[in-house]
Structure formats: C-alpha cells, structure tokens
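Worksheet: one structure, shown below.
The values are calculated or read from the model by the stated rules, or taken from the named source; none is laboratory data. A quick note: this is a predicted structure, and the numbers were derived from the prediction, not measured. Neighbour counts are summed over all protein chains in view; Cβ atoms, including those assigned to glycine, are modelled from backbone coordinates with ideal geometry.
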Amino acid sequence: MTEPLLSVTDLSVSYGRVEAVRGVSFDVAAGSLVTLVGANGAGKSSIINAISGLVKPSSGKIVFEGSDVTKTKSHRLVPRGLVQVPEGRQILATMTIAENLQLGARYYGSGASAGIDEMYQRFPVLGERRKLAAGSLSGGEQQMLAIARAMLAKPRLILMDEPSMGLAPKIVNEVFAVIDEVLAAGTTVLLVEQNARRALQAASEGHVLQNGEIVRSGAPEALLADDDIIQAYLGTG
Ligand code: ATP
C-alpha cells in the first residue's frame, strides 16, 4: 500500500482545561479530498491548526510525506508543501488582486511569481480583474483569491477552514468549483466544513466530529445515507 500523504495519529489539542480534540486519527491519501465535518465547536479548526503548526498538540503524532512534523512550526511547513488557506480569507481589500498575489509570491519565495500567470489562467476572473481592488470581489471570488494565493506556494497539501462560511448558496457552488480546480492541479485537500452535505459531496472520504472526537468515518455516499448523520448534521435540505 502506498503511504498516505498525511497521517494523524491519536491527536489531542487542549486549551488550558478545555480538551478541544481527543485522540483523533485519520489519513489523507495523495490526490484525495478528505473532509472533517461537525457542528460548531466540534474541534475541526483545532485539528487543522495543529496540522499546519499554528496550534501545539497536547499529544499525538502528525506525519507528512513520511516525516514527523508534529512539532514543526507553520513557516517551516510551507516550503515543504503544507499550506493552510488563512481563516477569514485575509485578503487585503484596498490592494489590487495582482498586488495580493504578488505579496503571496514574495512570501513564498523566488519562483512563485511565475505561478501568478498560471493562477490567472486557472481562475480567469482574477486575471480579468487583476488591476481592481480585491475588496471589489464578491465573497466567493475573495475566497478564490485566497486559495489562488495559497496555491502560489505550490503546496502538496492544502488545508481549508470553512471556505464557504457566510456565503450564499450560489456562491458556495463557486467555491466548490475552485476546490475542484485545486484538485485538478494535483493538490491534495483537507477541508473542514460546517456545510457537511456539500463537503461530503465533494470528498473522497469523510470524518464526522463530535465534541473533539471522530464518531463516524467512511465513504461520503455511506455517510450521506446514514440516518443518524442526516438527522444530526445534514437536515432535510
Ligand atoms: P467552529 O466551526 O466554531 O470553528 P470547530 O469545530 O472548528 O468550530 P474549534 O474552533 O476547534 O471547533 O473549537 C473546539 C473547542 O475548543 C471549542 O469548545 C472552542 O470554544 C475551544 N477553543 C478553540 N480555540 C480556543 C482557544 N484559543 N482558547 C480556548 N478555547 C478554544
């Protein structure tokens, strides 16, 4: 069997006395989209922040491309190909789309600026509006810009924390089209979402989190057909 790109074993995260994540284990195969779904406060953000080095795990092991990265800081993971799309998008609204991408390219080091043209091809909306302020983009397009900027790092694994949060249903579809584009580029995706139905529809594997623990894992089709999960997370919609 081929080794997974990412392997998380028995991961726990605590904030003082709050145990946000307890003994979570899962793998992410190269080229796949794995999603973690669950209600507000279930521990989803804590897991991806621990993987990307933004939060220190209290125990457990994180292995990326065969190396133990449990204690590796975020800025050291980026050059190794593990990048998180910042929460809340962190787009610089008064700067142009081009400037936002140039800043990203500079942050990710020499060579990345060549990738800007590639992003304009992949996401034509950004190319057409490159000279406009990023704040003039719709919520979905701003998310597209944030993802394109993260892609400039040429990541092997991209972590996304609720990219569809606060967006209208039509715009959510646009964001998922962007995620399809990221997968088509050969990048592996770990996606955290409250929008469980939409995330599971896009995923190759899903894990349901409840109170910091994985309570169900499996193929999205099975999870989407599970009555308990439908009642708890998917509603009737
Ligand atoms: P959300 O969708 O609201 O982001 P989530 O599933 O991502 O939820 P987390 O943000 O990981 O969940 O939070 C899990 C638990 O840890 C919650 O009870 C939350 O209040 C707590 N928590 C998260 N960050 C901190 C922090 N910095 N300090 C203290 N408690 C925290």
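Annotations
- Listed conditions (1) among the aliphatic types (A, V, I, L, M); (2) in contact with a strand residue (DSSP E or B) (Cβ under 9 Å, 6 or more places away or on another chain); (3) in contact (Cβ under 8 Å) with a residue 12 or more places away in the chain are all met by residue 215, apart from (3).
- Qualifying residue in the stretch 106-115 (condition: at pLDDT 90 or above and crowded, with 16+ Cβ neighbours inside 10 Å): no
- When the helices (runs of 4 or more DSSP H) confined to the stretch 135-209 are screened for residues that are within 25 Å of residue 107 (Cα to Cα), those reaching at least 1 such residues are found at 139-151, 169-184.
- Residue count for the stretch 15-29, restricted to those that are within 16 Å of the ligand (Cβ to nearest atom) and either in contact (Cβ under 8 Å) with a residue 60 or more places away in the chain or not in a strand (DSSP E or B) (or both): 9
- Checked against the criterion of being within 22 Å of residue 194 (Cα to Cα) and away from the ligand (no atom under 13 Å from the Cβ), the candidates 32, 74, 12 yield just one match: 32.
- Every residue from the stretch 42-73 that is aliphatic (A, V, I, L, M) and either surrounded by fewer than 17 Cβ atoms within 10 Å (Cβ to Cβ) or in contact (Cβ under 8 Å) with a residue 24 or more places away in the chain (or both): 42, 47, 48, 50, 51, 54, 55, 62, 63
- Pairs with Cβ under 8 Å, 6+ apart, first in the stretch 161-177 and more than 16 Å from the ligand (Cβ to nearest atom), second of a type in the set (Asp, Glu): 174/141
- Residues located in the stretch 35-50, provided they are part of a strand (DSSP E or B) and within 12 Å of the ligand (Cβ to nearest atom): 36, 37, 38
- Among the residues of the stretch 75-96, those that are surrounded by 15 or more Cβ atoms within 10 Å (Cβ to Cβ) and assigned to a helix (DSSP H, G or I) comprise 77, 78, 80.
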